[in-house]
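The values are calculated or read from the model by the stated rules, or taken from the named source; none is laboratory data. As the structure is a prediction and not an experimental result, all values here were calculated from the model. Glycine gets a Cβ as well: all are built from the backbone with ideal geometry, and neighbour counts include every protein chain shown. Just the protein is used for accessible areas: all its heavy atoms, side chains included, with ligands, DNA and RNA removed. Shrake-Rupley method; radii C 1.70, N 1.55, O 1.52, S 1.80 Å.
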There are 2 protein chains.
Amino acid sequence: MEDLKKKIRSFTKVSDSDIEFGLQFFKIRKIKKGELLLKPNQCINEFYFMQKGCISYYTVEEGITRVMEFFTEGYFFTDLYAFIQDIPSESYLEALEDSIIYTISKSDQQKVYDHSHQLERFGRLSMQRTFVINFQRINQLRNLSNQERYLQLLEKRPSLFQRVPQYLIASYLGLTPVGLSKIKKRLSKS
Amino acid sequence: MEDLKKKIRSFTKVSDSDIEFGLQFFKIRKIKKGELLLKPNQCINEFYFMQKGCISYYTVEEGITRVMEFFTEGYFFTDLYAFIQDIPSESYLEALEDSIIYTISKSDQQKVYDHSHQLERFGRLSMQRTFVINFQRINQLRNLSNQERYLQLLEKRPSLFQRVPQYLIASYLGLTPVGLSKIKKRLSKS
DNA sequence: GGCATTTATTAAACTAGTTTAATGAGAATC
DNA sequence: GATTCTCATTAAACTAGTTTAATAAATGCC
């Protein structure tokens with residue numbers, strides 16, 4: 001759990017006793033490629049930390065799969081939208097690789113926040129971090145062309161292109177496999 | 001400050017003494033139509049609550065104005081992206097109407113969070129609320145057509161169309177005034 | 001190593017937006 | 001009340017994507 005501890009402390013100062021209190025609730029879990037951690041209409045009562053592997057977070061509507069995010073090493077994740085609001089999920093969490101994650105239940109997370117003001121602050125700051133990422137995402141969607149978004153992803157998360165099939169990347173970028181092929185072709189010509 | 005107090009308590013239970021502690025730091029401020037609360041390269045060290053009025057949050061890049069949000073009655077707001085990260089703003093906050101807002105400085109906000117675990121929780125939960133809104137925004141941008149987004153805005157915030165000029169609404173929706181006109185025409189035909 | 005399946009590319013026809021420019025309509029100013 | 005300015009609409013040419021369908025290339029499996 002060293003990576004997890006380090007990650008928490010990258011947000012804010014947390015005393016040894018508080019961090020030990022928090023970590024005791026996390027359980028390790030292994031999940032095989034292709035397995036689902038979550039599917040639609042389930043409630044999600046767990047929060048995760050990705051130790052090793054890759055999980056895709058996606059919806060399927062009218063037969064169209066839309067990848068919202070790829071969670072890789074060092075990510076905190078869950079279906080945060082359903083988790084926060086206590087509503088049934090509309091999404092899938094599917095392992096794209098064999099993965100190792102740490103999990104904490106929502107009720108245990110609440111215990112941690114009740115017990116420690118420092119960890120409640122970690123919670124607030126990690127939500128802030130999520131805000132920053134989502135804000136950037138919104139700006140990318142609004143202000144950049146698909147080609148620019150593709151180039152940006154290539155720059156920021158190059159390893160994704162090694163570990164994830166292209167049609168899922170296309171979906172993540174909000175276009176069809178055909179569209180992504182066209183963009184790549186256009187770029188290779190110039 | 002009753003609206004503000006009520007708003008805070010809509011997130012989580014806060015004792016009278018804690019809420020009074022928090023509210024003492026807020027100052028009222030009036031701002032006239034056309035005035036700027038913030039412009040690019042300024043640092044933003046204040047957090048706001050909109051009592052009455054309307055403020056647009058936008059950027060200008062290469063001569064193109066892009067409206068991110070319209071803040072109206074009951075909204076907490078600031079340039080949260082710059083505020084959180086302590087970086088100079090790239091945005092404008094401009095009053096589209098004469099407005100009345102409550103303001104608290106960042107350092108006073110920190111005092112409030114240090115003093116009260118309950119208000120720190122309010123902070124976390126209001127960030128969660130912001131997350132939910134941004135998540136929905138991302139999904140709208142990814143999954144809906146411009147026409148659908150227009151119809152959704154019309155349904156959710158009909159009064160905006162009375163108080164804000166159409167070219168700003170077009171910008172908010174991520175299209176040109178010409179594009180919005182086309183959409184309206186198409187809809188009126190069916 | 002060969003076969004079946006999945007994934008990626010290409011082409012062709014189409015669509016929903018863009019840009020530019022002209023027109024129209026309302027509101028503010030003198 | 002005429003003029004000016006701003007904002008909204010329309011038209012025409014264009015663009016970056018879409019869909020569908022065919023083909024090519026990789027991958028997995030026995």
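Looking only at the stretch B:126-159, which residues are among the aliphatic types (A, V, I, L, M) and more than 17 Å from residue A:89 (Cβ to Cβ)?
The first filter runs over the stretch B:126-159 and keeps only residues among the aliphatic types (A, V, I, L, M), leaving B:127, B:132-133, B:138, B:141, B:144, B:151, B:153-154.
The answer is B:127, B:133, B:141, B:144, B:151, B:153, B:154.
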(message) Need a quick list: helices (runs of 4 or more DSSP H) entirely within the stretch B:110-190 having at least 2 residues that are under 16 Å from the mean Cα position of the chain (by Cα) and within 16 Å of DNA strand C (Cβ to nearest atom).
(response) B:166-173
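Quick one: how many residues across the stretch A:97-108 are open to solvent by 30 Å² or more (accessible area, probe 1.4 Å) and either at pLDDT 95 or above or basic (Lys, Arg) (or both)?
Within the stretch A:97-108, residues that are open to solvent by 30 Å² or more (accessible area, probe 1.4 Å) and either at pLDDT 95 or above or basic (Lys, Arg) (or both) number 4.
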(request) Go through the stretch B:77-108 and count every residue that is more than 12 Å from chain A (Cβ to nearest Cβ), farther than 21 Å from residue B:65 by Cα and either assigned to a strand (DSSP E or B) or touching a Phe, Trp or Tyr at 6+ places or on another chain (Cβ under 9 Å) (or both). (result) 9
(request) Report, ordered by the first and then the second residue, all pairs with beta carbons closer than 7 Å, sequence separation of six or more or different chains, a first member in the stretch B:93-115 that is assigned by TED's automatic domain parsing to the domain that holds residue B:36, and a second member that is among the polar types (S, T, N, Q). (result) B:94/B:56; B:96/B:56; B:100/B:51; B:101/B:51; B:102/B:51; B:105/B:45; B:106/B:45
(message) Taking the condition of being within 12 Å of DNA strand D (Cβ to nearest atom), open to solvent by 70 Å² or more (accessible area, probe 1.4 Å) and more than 17 Å from residue B:144 (Cα to Cα), how many residues in the stretch A:149-188 meet it?
(response) 10
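Within the stretch A:54-63, is even one residue at the interface with chain B (Cβ under 10 Å from one of its Cβ atoms) and either without any contact (Cβ under 8 Å) to a residue 40 or more places away in the chain or within 25 Å of residue A:158 (Cα to Cα) (or both)?
Looking for residues that are at the interface with chain B (Cβ under 10 Å from one of its Cβ atoms) and either without any contact (Cβ under 8 Å) to a residue 40 or more places away in the chain or within 25 Å of residue A:158 (Cα to Cα) (or both), one finds at least one in the stretch A:54-63, hence yes.
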(request) Could you tell me which of the residues A:121, A:142, A:137 is in contact with a Ser or Thr (Cβ under 8 Å, 6 or more places away or on another chain) and of a type in the set (Lys, Arg)? (result) A:121
(message) Tell me whether the stretch A:5-28 contains one or more residues that are assigned to a strand (DSSP E or B), modelled with pLDDT of 95 or more and in contact with a strand residue (DSSP E or B) (Cβ under 9 Å, 6 or more places away or on another chain).
(response) yes
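Within the stretch A:128-148, does at least one residue satisfy the condition of being free of Cβ contacts under 8 Å to residues at least 24 places away in the same chain, more than 16 Å from DNA strand D (Cβ to nearest atom) and open to solvent by 70 Å² or more (accessible area, probe 1.4 Å)?
Yes: the stretch A:128-148 contains one or more residues that are free of Cβ contacts under 8 Å to residues at least 24 places away in the same chain, more than 16 Å from DNA strand D (Cβ to nearest atom) and open to solvent by 70 Å² or more (accessible area, probe 1.4 Å).
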